[in-house]
Amino acid sequence: MLQRFLDPAVLQGISSLDLVARTVVDGFVAGLHRSPDFGFSMEFAEYRAYSPGDDLRHVDWNLFARTERCYLKRYRGDTNSQLTVLLDASNSMKYGSGAVSKMDYARYVAASLLYLAIHNQHDPAGLIVFDDEVRNYIRPSTRSGQLYRLLAGLEQAEPAARTDFGKPMQYFQQFLNRRGIVLVISDFYAQPDEIVRAVEPLRFHGSDVVLFHLLDPKEIYPDLKGPSILVDLETDEKLEVIPDYVKTAYRAKMDRHLEDLRDRTQAAGMSYHLLTTDKPLDRALTEYLTLRQSKGSPTRTGVR
């Protein structure tokens, strides 16, 4: 049942990004509660009397039914951790060999993480959409309507232009005055040293930086039936290849790229996770929650 909630092909049939995010997070959190394997902290700390303006979702209604007094449950780890998602919207992100393109999958991941941060964790969350320029920046906030601003920003993000990691990262640094979690979602078609050099300065303010490397499975394991012409979606360059090439030279180059990027990222103190568009979204959410807890901020699921 959980896999159905997180299956990108199923999510493709849902028209509203808000409903996609809600479906993914609610299904994931339900699975989190049922599974003994996640290990995320939900330790109860204490009750606090209700004050006008408090979120009614945290009221213990069972206690209210018995005592007719309104109390809120507080859980350990009720601290916020600012989340900012950096989304690559360059032309290469439009590729998709199956039902879901990389751009669609990236939207699902970003929407789910932003929904989880704001709706379940009550954390400030923001978004930056980039290609070779910064196309949209929504400052992290918890103010009313923030989630819908973020989801609208994701809806409007359409693949265009080429990737340039340098300019967006420099732009973002000037606004990064509070430590938190920075998630970069991209297919990372650039040299690993260039990527790390551009992204690494985001750590200097004390933030935890995570790279979600998003690829279509056919980009890792091409399946050609005969001689084919490959087209670079960002440069329009064409390359004629044969099946033997993709099984040998191409695979070796791709393996080296993935290994090099992972090793350089981790050596720089950042986290790296490879995601493919045919897999359920639970890994992205699990990695985010694991990071959040490991940095001294035990996870609240928002489900009481």
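The values are calculated or read from the model by the stated rules, or taken from the named source; none is laboratory data. It should be emphasised that the depicted structure is a prediction, and the values quoted were computed from it without experimental measurement. Ideal geometry is used to build each Cβ from the backbone, glycine not excepted, and the neighbour counts take in all protein chains shown.
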>> If residue 218 satisfies all but one of (1) touching a residue at least 60 places away in the same chain (Cβ under 8 Å); (2) within 24 Å of residue 84 (Cβ to Cβ); (3) of a type in the set (Lys, Arg), what's the number of the condition it fails?
In response: (2)
>> Of all residues being modelled with pLDDT of 90 or more and of a type in the set (D, E, K, R) in the range 8-28, which is farthest from residue 117 (Cα to Cα)? Just the residue, please.
In response: 18
>> Can you tell me which residue is modelled with the lowest pLDDT among those in the range 167-189 that are surrounded by fewer than 15 Cβ atoms within 10 Å (Cβ to Cβ) and not basic (Lys, Arg)?
In response: 177
>> Please count how many residues of the range 119-129 are at pLDDT below 90 and crowded, with 24+ Cβ neighbours inside 10 Å.
In response: 1
> What number goes with the only condition from (1) small (Gly, Ala, Ser); (2) free of Cβ contacts under 8 Å to residues at least 12 places away in the same chain; (3) on the phi > 0 side of the Ramachandran plot that residue 269 does not pass?
Replying inline: (2)
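A quick yes/no check of all residues on (1) in contact with a strand residue (DSSP E or B) (Cβ under 8 Å, 6 or more places away or on another chain); (2) more than 21 Å from residue 160 (Cα to Cα):
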{"residue": "198", "(1), (2)": "no, no"}
{"residue": "207", "(1), (2)": "yes, yes"}
{"residue": "215", "(1), (2)": "yes, no"}
{"residue": "236", "(1), (2)": "no, no"}
{"residue": "247", "(1), (2)": "no, yes"}
{"residue": "254", "(1), (2)": "no, yes"}
{"residue": "263", "(1), (2)": "no, yes"}
{"residue": "271", "(1), (2)": "yes, yes"}
> Of the residues 109, 85, which single one is in a strand (DSSP E or B) and at pLDDT 95 or above?
Replying inline: 85
>> I'm trying to understand the selection: among the residues of the range 29-54, which are modelled with pLDDT of 70 or more, hydroxyl-bearing (Ser, Thr, Tyr) and surrounded by fewer than 16 Cβ atoms within 10 Å (Cβ to Cβ)?
In response: 51
